[in-house]
Amino acid sequence: MKICCIGAGYVGGPTMSIMANKCKDIQITVVDLDEKKIAAWNSNELPVFEPELLEKVQKARGRNLFFSTDIDKELMEADIIFISVNTPTKTYGVGAGKASDLTYVENCARRIGEVARKAKIIVEKSTIPVRTAESIRKIFLANGYGDRFQVLSNPEFLAEGTAVKDLEEPDRVLIGGEESEEGRKAVEVLAGIYEQWVPGGKILKTNLWSAELSKLAANAFLAQRISSINAISALCEVTGADVGEVARVIGMDSRIGSKFLNASVGFGGSCFQKDILNLVYLCEYYGVYEVAKYWEQVLLMNEYQRERFSGKIVSSLFDTITGKRIAVYGFAFKKDTNDTRGSSAISVCKHLLEEKAHLAIYDPKVSLQQINKDLEIEEEKIIYCKNAYEAADGAHAVIILTEWDEFKGLDFKKIYKSMLKPAFIFDGRRILNHENLVKIGFEVYSIGRGKKSRY
Ligand code: NAD
Ligand code: UGA
């Protein structure tokens, strides 16, 4: 059997690498229009940083895992085609700012139709609005090659930073198919592949629309938990409660559960915001306006949390940060990834730059080029640092924006000595020992705990 995956990004690359390791009898080729990306997948400098991924790629590459730009050839030869291309928020026209831009998915469907001759299963791996499979089928039918293709929905639930583990031991695999004999057969073929390493009970089979909608709903529920605990964090700060303690108490209720209750400077990433906007758009499209407003509030709370954090920095530093050096620890949207898409660090840094602060930024995996691109600035506007100590040297404040483990082990006495006084720390991830920092002499502000200081 041959598989082709269109899209060698954060999902296509890792997903197919794990599948190739688990199913040695299947030949898998990941294709992309981006030549540089494919060259990187063929090297030892992968375009995606994920713990353990390089070893997995090295084991399978050249054996039954290939990366190529020869898209048409692979589309022609494959028995199963995964569409794993980007589906960003539309920036123009109808639905701008909310709906998903399906241009890339549609381009794939058209190309498949043009070049593929034998019967195939087409799998939607990208996150897409409910009923997209219908549009894909319509493109196939209208062009006269409909009957040869079965469209399945197989959304991906991996989280960045833990992609390898999530793919090797998923909570569940979801496969949606058409309610016809052909549809059911196609679902069984795909389920058979996953069964090579996922227990059968974890493979859920639904209709197409449930599968498409479940992906959006799952992300919306996860993001909603973060906004809920972030809402409580604001109340903690003004009442003297500690959001860590509150989260522990509510998380021990087995009906609620303890995960995704870490208050933070706001969730980032390429998907939560995009997928909730998409959900909101769908609700409005189908006329369920109250439901749209309900989910929109999750995003408004996230924005509020980011603004609250940067506002706290300005007000604590005596209402002006003009010309002040501020050390920024972390720029990625979470630890263990080089991905900055949607990172709260982008919003916070932009606020601080508007206030004319001098930002000294350190992130273990994010490049200067990426930071400049995200902040839409020229090279000289920020100070890019090689380590956390260099960033703090001569700074008025240190702010933690990503929860990288190495920040917990820093020598904060050394950092304190090198900073201007009073020396402030703003912990947007709640990862430091605040009592120790206060003992050293820092003024500490933490999300969900408020201010701690000697004075
Ligand atoms: P990405 O931007 O990292 O990768 C998409 C790739 O598709 C790009 O390399 C692009 O060049 C390529 N591409 C676009 N059109 C193409 C075409 N016509 N032919 C060949 N290649 C083409 O995106 P991603 O983060 O991998 O996300 C892909 C999809 O998976 C999105 O719908 C996203 O919502 C969903 N998803 C992402 C994650 C995640 O953690 N990033 C998790 C689950 C689901
Ligand atoms: C998320 C989902 O967890 C995946 O299941 C899904 O497949 C993926 O989106 C997607 O569709 O793209 P991801 O965005 O990679 O995965 O990472 P998460 O671990 O969900 O973190 C998202 C953001 O929320 C990060 O900024 C993280 O720091 C933040 N977060 C997470 C919190 O602020 N608090 C928490 O308790 C958990």
Of the candidates Lys324, Lys386, Lys312, Lys356, the one satisfying the condition of being away from ligand 2 (no atom under 16 Å from the Cβ), of a type in the set (Lys, Arg), at pLDDT 95 or above and at positive phi is Lys356
Which residues, taken from the range 210-237, are among the hydrophobic types (A, V, I, L, M, F, W, C) and farther than 18 Å from Arg429 by Cα?
-> Ala211, Leu213, Leu216, Ala217, Ala218, Ala220, Phe221
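Being in contact with a strand residue (DSSP E or B) (Cβ under 8 Å, 6 or more places away or on another chain) and either of a type in the set (Val, Ile, Thr) or open to solvent by 20 Å² or more (accessible area, probe 1.4 Å) (or both) narrows it down to one residue among Ser254, Ser228, Ser214; which is it? First the steps, then the outcome.
Values: Ser254 fails: in contact with a strand residue (DSSP E or B) (Cβ under 8 Å, 6 or more places away or on another chain); Ser228 fails: in contact with a strand residue (DSSP E or B) (Cβ under 8 Å, 6 or more places away or on another chain).
Unique residue meeting the criteria: Ser214.
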Scan of the range 30-48 for residues that are within 12 Å of ligand 1 (Cβ to nearest atom) and either in contact (Cβ under 8 Å) with a residue 60 or more places away in the chain or of a type in the set (Ser, Thr, Tyr) (or both), ordered by number | Val48
Please list, ordered by first then second residue, the pairs with beta carbon atoms under 7 Å, 6 or more apart or interchain, first in the range 239-264 and of a type in the set (Asp, Glu), second not in a helix (DSSP H, G or I).
-> Asp242/Gly448; Asp242/Arg449
Working carefully through the options Pro51, Pro14, find the one that is touching a helix residue (DSSP H, G or I) at 6+ places or on another chain (Cβ under 9 Å) and within 13 Å of ligand 1 (Cβ to nearest atom).
-> Pro14
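Residues Asn230, Asn219: which one is more than 16 Å from ligand 1 (Cβ to nearest atom) and closer than 30 Å to Arg308 by Cα? Full working, then the answer.
On the way: Asn219 fails: more than 16 Å from ligand 1 (Cβ to nearest atom).
Exactly one residue qualifies, and that residue is Asn230.
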Helices (runs of 4 or more DSSP H) contained entirely in the range 387-455, each with at least 2 residues that are among the β-branched types (Val, Ile, Thr) | 434-440
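Got a sec? Which of Asp393, Asp363, Asp336 is within 16 Å of ligand 1 (Cβ to nearest atom) and either in contact with a strand residue (DSSP E or B) (Cβ under 6 Å, 6 or more places away or on another chain) or of a type outside the set (Phe, Trp, Tyr) (or both)? Walk me through it before giving the result.
On the way: Asp393 fails: within 16 Å of ligand 1 (Cβ to nearest atom); Asp363 fails: within 16 Å of ligand 1 (Cβ to nearest atom).
Being within 16 Å of ligand 1 (Cβ to nearest atom) and either in contact with a strand residue (DSSP E or B) (Cβ under 6 Å, 6 or more places away or on another chain) or of a type outside the set (Phe, Trp, Tyr) (or both) holds for just one of Asp393, Asp363, Asp336, which is Asp336.
Do we have any residue at all in the range 247-262 that's within 16 Å of ligand 1 (Cβ to nearest atom) and closer than 30 Å to Asn154 by Cβ? I'd like the intermediate steps shown before the answer.
The initial filter retains those residues of the range 247-262 that are within 16 Å of ligand 1 (Cβ to nearest atom), namely 260.
From the residues that got through so far, the ones that are closer than 30 Å to Asn154 by Cβ too are 260.
There is at least one residue in the range 247-262 that is within 16 Å of ligand 1 (Cβ to nearest atom) and closer than 30 Å to Asn154 by Cβ.
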Out of (1) touching a Gly at 6+ places or on another chain (Cβ under 7 Å); (2) open to solvent by 60 Å² or more (accessible area, probe 1.4 Å), the odd one out for Val85 is which?
-> (2)
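Is it true that Tyr145 is open to solvent by 10 Å² or more (accessible area, probe 1.4 Å) and touching a Ser or Thr at 6+ places or on another chain (Cβ under 9 Å)? Steps first, please.
Details: open to solvent by 10 Å² or more (accessible area, probe 1.4 Å): yes; touching a Ser or Thr at 6+ places or on another chain (Cβ under 9 Å): no.
Considered against the rule, which asks whether it is open to solvent by 10 Å² or more (accessible area, probe 1.4 Å) and touching a Ser or Thr at 6+ places or on another chain (Cβ under 9 Å), Tyr145 comes out as no.
For the range 1-11, which residues satisfy the criterion of being within 13 Å of ligand 1 (Cβ to nearest atom) and open to solvent by 10 Å² or more (accessible area, probe 1.4 Å)?
Ile6, Gly9, Tyr10, Val11
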The lone condition Ala191 fails out of (1) open to solvent by less than 50 Å² (accessible area, probe 1.4 Å); (2) in contact (Cβ under 8 Å) with a residue 24 or more places away in the chain; (3) over 19 Å from Leu222 (Cβ atoms) is (2)
Selection from the range 249-276 of residues that are within 16 Å of the chain's Cα centre (by Cα) and on the phi > 0 side of the Ramachandran plot | Phe260, Gly266, Gly269
Among (1) open to solvent by 50 Å² or more (accessible area, probe 1.4 Å); (2) modelled with pLDDT under 95; (3) under 22 Å from Gly192 (Cα atoms), the one test that Asp171 misses | (2)
Qualifying positions in the range 336-362 - charged (D, E, K, R) and either under 17 Å from the mean Cα position of the chain (by Cα) or outside any loop (DSSP other than H, G, I, E, B) (or both) = Asp336, Asp339, Arg341, Lys350, Glu354
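Inside the range 63-82, can you point out the residues that are of a type in the set (Asp, Glu), open to solvent by less than 70 Å² (accessible area, probe 1.4 Å) and within 20 Å of Lys37 (Cα to Cα)? Steps first, please.
Going residue by residue through the range 63-82, those that are of a type in the set (Asp, Glu) are 70, 72, 74, 77, 79.
Keeping just the survivors that are open to solvent by less than 70 Å² (accessible area, probe 1.4 Å) gives 72, 74, 77, 79.
Scanning the range 63-82 gives Asp72, Glu74.
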Note on Glu406: of the conditions (1) free of Cβ contacts under 8 Å to residues at least 24 places away in the same chain; (2) surrounded by fewer than 16 Cβ atoms within 10 Å (Cβ to Cβ), unmet is (1)
Identify all residues within the range 313-335 that are of a type in the set (Gly, Ala, Ser), under 30 Å from Glu45 (Cβ atoms) and either open to solvent by 50 Å² or more (accessible area, probe 1.4 Å) or assigned to a loop (DSSP other than H, G, I, E, B) (or both); write none if there are none.
-> Gly330, Ala332
Please state which of the following conditions Arg110 fails to meet, knowing it meets all the rest: (1) at pLDDT below 95; (2) out of contact with any helix residue (DSSP H, G or I) (no Cβ under 7 Å at 6 or more places or on another chain); (3) open to solvent by 40 Å² or more (accessible area, probe 1.4 Å).
-> (2)
If a residue has to be touching a helix residue (DSSP H, G or I) at 6+ places or on another chain (Cβ under 7 Å) and either within 14 Å of Ile226 (Cα to Cα) or within 16 Å of ligand 1 (Cβ to nearest atom) (or both) to count, how many in the range 278-295 make the cut?
-> 4
The range 145-167, residues that are within 22 Å of Leu75 (Cα to Cα), of a type outside the set (S, T, N, Q) and more than 12 Å from ligand 2 (Cβ to nearest atom) | Tyr145, Gly146, Asp147, Arg148, Phe149, Val151, Leu152
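The values are calculated or read from the model by the stated rules, or taken from the named source; none is laboratory data. These figures come from a predicted structure and were not determined experimentally. For neighbour counting, all protein chains shown are included, and Cβ atoms are generated from backbone atoms with ideal geometry for every residue, glycine included. Remember, those area values only see protein heavy atoms, side chains included, never the ligands or the DNA or RNA. Shrake-Rupley method; radii C 1.70, N 1.55, O 1.52, S 1.80 Å.
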